[in-house]
1. Of the residues in segment 182-215, how many are within 22 Å of the chain's Cα centre (by Cα) and either without any contact (Cβ under 8 Å) to a residue 60 or more places away in the chain or part of a strand (DSSP E or B) (or both)?
2. When you go through (1) under 21 Å from Ser145 (Cβ atoms); (2) more than 16 Å from the chain's Cα centre (by Cα) one by one for Gly236, which number turns out not to apply?
3. Could you grab me the full set of residues in segment 111-123 that are crowded, with 21+ Cβ neighbours inside 10 Å, out of contact with any Phe, Trp or Tyr (no Cβ under 6 Å at 6 or more places or on another chain) and touching a residue at least 60 places away in the same chain (Cβ under 8 Å)?
4. In segment 217-269, which residues are farther than 23 Å from Val123 by Cα and part of a loop (DSSP other than H, G, I, E, B)?
5. I'd like to know if segment 196-203 contains one or more residues that are closer than 19 Å to Cys124 by Cα and out of contact with any Gly (no Cβ under 8 Å at 6 or more places or on another chain).
6. Among the candidates Asp207, Asp126, Asp161, Asp139, which residue alone is touching a strand residue (DSSP E or B) at 6+ places or on another chain (Cβ under 7 Å) and of a type in the set (Asp, Glu)?
7. Here are Gln101, Gln82: which of them is surrounded by 12 or more Cβ atoms within 10 Å (Cβ to Cβ) and modelled with pLDDT under 80?
8. Would it be correct to say that Lys138 is at pLDDT 90 or above and surrounded by fewer than 19 Cβ atoms within 10 Å (Cβ to Cβ)?
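The values are calculated or read from the model by the stated rules, or taken from the named source; none is laboratory data. Keep in mind that what you see is a predicted model, and the values were worked out from it rather than measured. Here the Cβ positions follow ideal geometry from the backbone for every residue, glycine too, while neighbour counts run over all protein chains shown.
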Amino acid sequence: MKNLVLMCKSYIDDLHRLKLLKNSIDKFNADKLPFYICVPKVDFEIMRNEIVTGNEDYEIKFFTDEQVIASTNQPTNQPTNQPTNQPTNQPTSLCGNNLTQTWLSQQLIKLYFFKLGLCKFYVCLDSDCYYINNFYEKDYMYNDSTPYTLLKKKYIDSSNDENFKIKEYFKRDGVLYSFGGCCSVFSSEVLKSFESALLENSLTFFDLITLVPWEFQWYGEYVINKKPYEIVLNDGNLKVISYQKEYNELRKIYTLKNLRDKGYKAICMQAGWVKEIEYKHSPFIRFYRAIEKFKFALYERNMEKKLNKRIENYCKSLIRAPIREFLREV
(Lines give C-alpha, C1' and ligand atoms only; values in the text may rest on other atoms or scores of the structure.)
Protein backbone atom coordinates (compact mmCIF):
# COMPACT_ATOMS: atom_id res chain seq x y z
CA MET A 1 0.00 0.00 0.00
CA LYS A 2 1.33 3.42 -0.98
CA ASN A 3 1.70 6.10 1.68
CA LEU A 4 0.62 9.09 -0.48
CA VAL A 5 -0.86 9.27 -3.96
CA LEU A 6 -2.41 11.93 -6.18
CA MET A 7 -6.10 11.40 -6.91
CA CYS A 8 -8.23 13.26 -9.45
CA LYS A 9 -11.94 12.92 -10.18
CA SER A 10 -12.65 13.91 -13.77
CA TYR A 11 -14.94 13.33 -16.76
CA ILE A 12 -14.92 13.78 -20.53
CA ASP A 13 -15.87 17.48 -20.56
CA ASP A 14 -12.72 18.24 -18.56
CA LEU A 15 -10.39 16.18 -20.75
CA HIS A 16 -8.48 19.24 -22.01
CA ARG A 17 -7.95 20.39 -18.42
CA LEU A 18 -6.92 16.91 -17.29
CA LYS A 19 -4.32 16.79 -20.08
CA LEU A 20 -2.77 20.00 -18.76
CA LEU A 21 -2.73 18.62 -15.21
CA LYS A 22 -1.20 15.32 -16.33
CA ASN A 23 1.48 17.04 -18.42
CA SER A 24 2.40 19.18 -15.42
CA ILE A 25 2.68 16.05 -13.25
CA ASP A 26 4.97 14.52 -15.89
CA LYS A 27 7.21 17.56 -15.56
CA PHE A 28 7.14 18.41 -11.85
CA ASN A 29 6.45 15.13 -9.98
CA ALA A 30 9.85 15.08 -8.26
CA ASP A 31 9.04 12.20 -5.88
CA LYS A 32 7.29 10.13 -8.57
CA LEU A 33 4.05 9.98 -6.60
CA PRO A 34 1.44 7.64 -8.14
CA PHE A 35 -1.39 9.37 -9.99
CA TYR A 36 -4.86 7.77 -9.89
CA ILE A 37 -7.76 9.10 -11.94
CA CYS A 38 -11.46 8.29 -11.49
CA VAL A 39 -13.78 8.79 -14.46
CA PRO A 40 -17.24 7.54 -15.50
CA LYS A 41 -17.33 4.10 -17.11
CA VAL A 42 -18.62 5.60 -20.37
CA ASP A 43 -15.55 7.89 -20.57
CA PHE A 44 -12.98 5.36 -19.36
CA GLU A 45 -11.47 4.10 -22.64
CA ILE A 46 -11.39 7.46 -24.40
CA MET A 47 -9.84 9.32 -21.48
CA ARG A 48 -7.29 6.65 -20.64
CA ASN A 49 -6.14 6.46 -24.26
CA GLU A 50 -5.81 10.24 -24.42
CA ILE A 51 -3.95 10.61 -21.11
CA VAL A 52 -1.67 7.58 -20.66
CA THR A 53 1.35 7.62 -22.99
CA GLY A 54 3.33 4.69 -21.60
CA ASN A 55 6.35 6.95 -21.11
CA GLU A 56 5.49 7.96 -17.54
CA ASP A 57 8.22 7.39 -14.94
CA TYR A 58 5.60 7.12 -12.18
CA GLU A 59 2.55 4.90 -11.70
CA ILE A 60 -0.62 6.12 -13.39
CA LYS A 61 -3.93 4.25 -13.27
CA PHE A 62 -7.54 4.87 -14.26
CA PHE A 63 -10.54 3.69 -12.26
CA THR A 64 -14.23 4.00 -13.02
CA ASP A 65 -16.57 5.87 -10.73
CA GLU A 66 -18.71 2.75 -10.75
CA GLN A 67 -15.80 0.74 -9.30
CA VAL A 68 -15.53 3.17 -6.41
CA ILE A 69 -19.26 3.28 -5.73
CA ALA A 70 -19.52 -0.53 -5.98
CA SER A 71 -16.99 -0.75 -3.15
CA THR A 72 -19.50 0.98 -0.87
CA ASN A 73 -21.60 -2.19 -0.91
CA GLN A 74 -18.94 -3.74 1.31
CA PRO A 75 -19.09 -1.71 4.55
CA THR A 76 -15.80 -1.11 6.31
CA ASN A 77 -15.23 -3.18 9.47
CA GLN A 78 -18.51 -5.11 9.09
CA PRO A 79 -18.24 -8.72 10.41
CA THR A 80 -18.82 -11.11 7.50
CA ASN A 81 -20.86 -13.53 9.63
CA GLN A 82 -23.35 -10.93 10.85
CA PRO A 83 -26.17 -9.05 9.11
CA THR A 84 -25.03 -5.68 7.78
CA ASN A 85 -26.61 -2.55 9.17
CA GLN A 86 -25.82 -0.65 6.00
CA PRO A 87 -28.71 1.67 5.07
CA THR A 88 -30.52 1.27 1.78
CA ASN A 89 -30.03 4.86 0.67
CA GLN A 90 -26.70 4.15 -1.01
CA PRO A 91 -25.47 6.35 -3.88
CA THR A 92 -25.92 3.39 -6.24
CA SER A 93 -29.66 3.62 -5.68
CA LEU A 94 -29.62 6.88 -7.61
CA CYS A 95 -27.27 5.90 -10.40
CA GLY A 96 -27.89 2.24 -11.14
CA ASN A 97 -24.98 0.83 -13.15
CA ASN A 98 -23.89 4.21 -14.52
CA LEU A 99 -23.12 6.99 -12.10
CA THR A 100 -24.69 10.28 -13.13
CA GLN A 101 -22.15 13.11 -13.19
CA THR A 102 -23.15 15.76 -10.69
CA TRP A 103 -21.41 17.93 -8.13
CA LEU A 104 -22.64 15.51 -5.46
CA SER A 105 -21.34 12.41 -7.23
CA GLN A 106 -17.89 13.99 -7.59
CA GLN A 107 -17.75 14.55 -3.85
CA LEU A 108 -18.84 10.98 -3.13
CA ILE A 109 -16.07 9.58 -5.35
CA LYS A 110 -13.49 11.58 -3.40
CA LEU A 111 -14.86 10.41 -0.06
CA TYR A 112 -15.19 6.75 -1.06
CA PHE A 113 -11.90 6.44 -2.97
CA PHE A 114 -10.25 5.05 0.17
CA LYS A 115 -12.40 1.91 -0.18
CA LEU A 116 -10.19 0.72 -3.05
CA GLY A 117 -7.42 0.13 -0.49
CA LEU A 118 -4.65 1.68 -2.58
CA CYS A 119 -3.04 4.12 -0.18
CA LYS A 120 -2.89 5.56 3.32
CA PHE A 121 -3.33 9.17 2.18
CA TYR A 122 -4.40 10.82 -1.06
CA VAL A 123 -4.19 14.37 -2.40
CA CYS A 124 -7.53 15.42 -3.90
CA LEU A 125 -6.82 17.20 -7.17
CA ASP A 126 -9.35 18.86 -9.46
CA SER A 127 -9.05 18.83 -13.24
CA ASP A 128 -8.86 22.62 -13.28
CA CYS A 129 -5.57 22.75 -11.37
CA TYR A 130 -2.04 22.08 -12.62
CA TYR A 131 1.50 22.23 -11.27
CA ILE A 132 3.97 24.99 -12.05
CA ASN A 133 6.89 23.89 -9.87
CA ASN A 134 8.55 20.76 -8.53
CA PHE A 135 6.47 19.18 -5.77
CA TYR A 136 7.31 16.52 -3.21
CA GLU A 137 5.57 14.32 -0.67
CA LYS A 138 6.80 16.70 2.04
CA ASP A 139 4.64 19.45 0.51
CA TYR A 140 1.57 17.51 1.64
CA MET A 141 2.79 15.51 4.65
CA TYR A 142 4.17 16.91 7.92
CA ASN A 143 5.53 13.42 8.61
CA ASP A 144 4.71 9.90 7.43
CA SER A 145 1.50 9.74 9.48
CA THR A 146 0.40 13.40 9.60
CA PRO A 147 -0.92 15.24 6.54
CA TYR A 148 -1.01 19.01 6.42
CA THR A 149 -4.45 20.54 7.00
CA LEU A 150 -5.88 23.34 4.87
CA LEU A 151 -7.88 25.45 7.29
CA LYS A 152 -8.74 29.10 7.83
CA LYS A 153 -11.09 31.07 10.04
CA LYS A 154 -14.44 31.97 8.54
CA TYR A 155 -15.69 35.31 9.76
CA ILE A 156 -19.36 34.90 8.75
CA ASP A 157 -20.76 33.07 11.78
CA SER A 158 -24.33 32.65 10.63
CA SER A 159 -26.72 29.79 11.29
CA ASN A 160 -27.60 29.96 7.57
CA ASP A 161 -23.99 29.28 6.58
CA GLU A 162 -23.36 25.70 5.40
CA ASN A 163 -20.10 25.48 7.34
CA PHE A 164 -22.02 26.42 10.48
CA LYS A 165 -24.52 23.61 9.86
CA ILE A 166 -21.72 21.04 9.68
CA LYS A 167 -20.11 22.45 12.83
CA GLU A 168 -23.51 22.22 14.53
CA TYR A 169 -23.89 18.59 13.40
CA PHE A 170 -20.77 17.71 15.42
CA LYS A 171 -22.01 19.86 18.33
CA ARG A 172 -18.79 21.86 18.29
CA ASP A 173 -18.56 25.28 19.93
CA GLY A 174 -16.00 27.93 19.10
CA VAL A 175 -14.50 29.39 15.95
CA LEU A 176 -16.06 28.66 12.57
CA TYR A 177 -13.52 27.23 10.14
CA SER A 178 -13.41 26.69 6.41
CA PHE A 179 -11.57 23.52 5.41
CA GLY A 180 -9.76 22.35 2.37
CA GLY A 181 -10.46 22.55 -1.29
CA CYS A 182 -8.20 21.45 -4.12
CA CYS A 183 -4.93 19.82 -2.93
CA SER A 184 -6.40 18.76 0.41
CA VAL A 185 -5.16 15.44 1.79
CA PHE A 186 -7.57 12.73 2.92
CA SER A 187 -6.55 9.95 5.30
CA SER A 188 -7.94 6.51 4.43
CA GLU A 189 -7.93 5.50 8.10
CA VAL A 190 -9.86 8.62 9.11
CA LEU A 191 -12.45 8.06 6.38
CA LYS A 192 -12.71 4.41 7.40
CA SER A 193 -13.39 5.45 11.00
CA PHE A 194 -15.81 8.17 9.86
CA GLU A 195 -17.79 5.73 7.72
CA SER A 196 -18.01 3.21 10.57
CA ALA A 197 -19.38 5.89 12.90
CA LEU A 198 -22.00 6.81 10.31
CA LEU A 199 -23.04 3.21 9.70
CA GLU A 200 -23.66 2.74 13.41
CA ASN A 201 -26.35 5.40 13.00
CA SER A 202 -27.63 3.96 9.70
CA LEU A 203 -26.08 6.84 7.74
CA THR A 204 -23.62 7.12 4.86
CA PHE A 205 -21.47 9.82 3.28
CA PHE A 206 -24.29 10.16 0.78
CA ASP A 207 -26.59 11.36 3.57
CA LEU A 208 -24.07 13.95 4.71
CA ILE A 209 -23.40 15.27 1.21
CA THR A 210 -27.14 15.49 0.58
CA LEU A 211 -27.50 17.50 3.80
CA VAL A 212 -24.59 19.86 3.06
CA PRO A 213 -22.62 19.32 -0.19
CA TRP A 214 -19.11 20.09 1.01
CA GLU A 215 -16.90 17.00 1.44
CA PHE A 216 -13.81 18.79 2.76
CA GLN A 217 -15.82 20.55 5.46
CA TRP A 218 -17.28 17.26 6.70
CA TYR A 219 -13.85 15.67 6.78
CA GLY A 220 -12.27 18.67 8.53
CA GLU A 221 -14.90 18.88 11.26
CA TYR A 222 -14.56 15.14 11.87
CA VAL A 223 -10.79 15.54 12.27
CA ILE A 224 -11.31 18.35 14.81
CA ASN A 225 -13.89 16.23 16.61
CA LYS A 226 -11.88 12.98 16.82
CA LYS A 227 -8.31 14.34 16.62
CA PRO A 228 -6.87 11.30 14.79
CA TYR A 229 -3.67 13.23 14.13
CA GLU A 230 -2.08 16.58 14.96
CA ILE A 231 -3.50 19.48 12.97
CA VAL A 232 -0.57 21.14 11.22
CA LEU A 233 -1.58 24.03 8.97
CA ASN A 234 -0.40 24.54 5.42
CA ASP A 235 -1.96 26.51 2.56
CA GLY A 236 -1.26 23.78 0.02
CA ASN A 237 1.12 26.06 -1.95
CA LEU A 238 -1.80 26.56 -4.31
CA LYS A 239 -2.77 29.78 -6.07
CA VAL A 240 -6.53 29.71 -6.55
CA ILE A 241 -7.93 32.05 -9.19
CA SER A 242 -11.66 32.13 -8.54
CA TYR A 243 -13.04 34.72 -10.95
CA GLN A 244 -12.36 36.07 -14.43
CA LYS A 245 -11.84 39.60 -13.10
CA GLU A 246 -9.26 38.31 -10.61
CA TYR A 247 -7.38 36.54 -13.41
CA ASN A 248 -7.50 39.60 -15.68
CA GLU A 249 -5.95 41.76 -12.95
CA LEU A 250 -3.41 39.17 -11.82
CA ARG A 251 -1.96 38.57 -15.28
CA LYS A 252 -1.22 42.29 -15.62
CA ILE A 253 1.18 42.12 -12.68
CA TYR A 254 2.59 38.59 -12.26
CA THR A 255 4.35 36.25 -14.65
CA LEU A 256 4.40 32.51 -14.00
CA LYS A 257 7.96 32.93 -12.70
CA ASN A 258 6.75 35.55 -10.22
CA LEU A 259 4.19 33.06 -8.87
CA ARG A 260 6.86 30.36 -8.59
CA ASP A 261 9.12 32.78 -6.74
CA LYS A 262 6.28 33.38 -4.27
CA GLY A 263 6.38 29.68 -3.42
CA TYR A 264 3.34 28.45 -5.32
CA LYS A 265 3.53 24.86 -6.54
CA ALA A 266 0.23 24.78 -8.42
CA ILE A 267 -2.49 26.98 -9.88
CA CYS A 268 -6.24 26.38 -9.86
CA MET A 269 -8.12 28.14 -12.67
CA GLN A 270 -11.63 27.55 -11.40
CA ALA A 271 -13.75 26.00 -14.13
CA GLY A 272 -17.06 27.72 -14.67
CA TRP A 273 -15.69 31.05 -13.42
CA VAL A 274 -12.45 31.50 -15.37
CA LYS A 275 -12.66 30.76 -19.10
CA GLU A 276 -8.92 30.23 -19.61
CA ILE A 277 -7.50 26.88 -18.50
CA GLU A 278 -3.84 27.94 -18.34
CA TYR A 279 -2.26 30.99 -16.71
CA LYS A 280 -0.58 33.38 -19.14
CA HIS A 281 0.62 36.84 -18.23
CA SER A 282 -0.43 39.80 -20.33
CA PRO A 283 1.83 40.70 -23.29
CA PHE A 284 1.56 44.28 -22.02
CA ILE A 285 2.74 43.39 -18.52
CA ARG A 286 5.63 45.90 -18.61
CA PHE A 287 3.21 48.66 -19.55
CA TYR A 288 0.79 47.71 -16.75
CA ARG A 289 3.64 47.49 -14.25
CA ALA A 290 4.84 50.95 -15.29
CA ILE A 291 1.32 52.31 -14.72
CA GLU A 292 1.15 50.66 -11.28
CA LYS A 293 4.58 52.04 -10.42
CA PHE A 294 3.50 55.53 -11.51
CA LYS A 295 0.25 55.28 -9.50
CA PHE A 296 2.20 54.18 -6.44
CA ALA A 297 4.70 57.03 -6.84
CA LEU A 298 1.80 59.48 -7.20
CA TYR A 299 0.18 58.02 -4.10
CA GLU A 300 3.45 58.33 -2.17
CA ARG A 301 3.85 61.94 -3.32
CA ASN A 302 0.31 62.83 -2.23
CA MET A 303 0.84 61.11 1.10
CA GLU A 304 4.10 63.01 1.54
CA LYS A 305 2.34 66.31 0.84
CA LYS A 306 -0.41 65.49 3.34
CA LEU A 307 2.15 64.45 5.94
CA ASN A 308 4.20 67.63 5.43
CA LYS A 309 1.04 69.71 5.72
CA ARG A 310 0.12 68.01 9.01
CA ILE A 311 3.62 68.53 10.37
CA GLU A 312 3.48 72.19 9.34
CA ASN A 313 0.10 72.69 11.03
CA TYR A 314 1.31 70.93 14.16
CA CYS A 315 4.42 73.11 14.36
CA LYS A 316 2.30 76.22 13.90
CA SER A 317 0.02 75.10 16.73
CA LEU A 318 3.05 74.65 18.99
CA ILE A 319 4.17 78.21 18.24
CA ARG A 320 0.70 79.76 18.52
CA ALA A 321 -0.12 78.23 21.90
CA PRO A 322 2.51 80.12 23.97
CA ILE A 323 1.78 83.34 22.03
CA ARG A 324 -1.91 83.09 22.94
CA GLU A 325 -0.99 82.43 26.55
CA PHE A 326 1.31 85.47 26.59
CA LEU A 327 -1.39 87.71 25.08
CA ARG A 328 -3.89 86.57 27.72
CA GLU A 329 -1.50 87.57 30.49
CA VAL A 330 -0.88 90.97 28.92
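1. The qualifying residues number 9.
2. Here Gly236 clears every test but (2).
3. Taking segment 111-123 as the starting set, the residues that turn out to be crowded, with 21+ Cβ neighbours inside 10 Å are 111-115, 119, 121-123.
Checking which are out of contact with any Phe, Trp or Tyr (no Cβ under 6 Å at 6 or more places or on another chain) leaves us with 112-115, 119, 121.
Across segment 111-123, the qualifying residues are Tyr112, Phe113, Phe114, Cys119, Phe121.
4. Answer for segment 217-269, where residues must be farther than 23 Å from Val123 by Cα and part of a loop (DSSP other than H, G, I, E, B): Tyr243, Arg251, Lys252, Ile253, Tyr254, Thr255.
5. As a first pass, look at segment 196-203 and keep what is closer than 19 Å to Cys124 by Cα: none.
Taking every residue of segment 196-203 in turn, none turns out to be closer than 19 Å to Cys124 by Cα and out of contact with any Gly (no Cβ under 8 Å at 6 or more places or on another chain).
6. Values: Asp207 fails: touching a strand residue (DSSP E or B) at 6+ places or on another chain (Cβ under 7 Å); Asp161 fails: touching a strand residue (DSSP E or B) at 6+ places or on another chain (Cβ under 7 Å); Asp139 fails: touching a strand residue (DSSP E or B) at 6+ places or on another chain (Cβ under 7 Å).
Checking each option against the conditions leaves just Asp126.
7. Numbers: Gln82 fails: surrounded by 12 or more Cβ atoms within 10 Å (Cβ to Cβ).
Only one candidate qualifies: Gln101.
8. Working: at pLDDT 90 or above: yes; surrounded by fewer than 19 Cβ atoms within 10 Å (Cβ to Cβ): yes.
Yes; evaluated as a whole, the condition is true for this residue.
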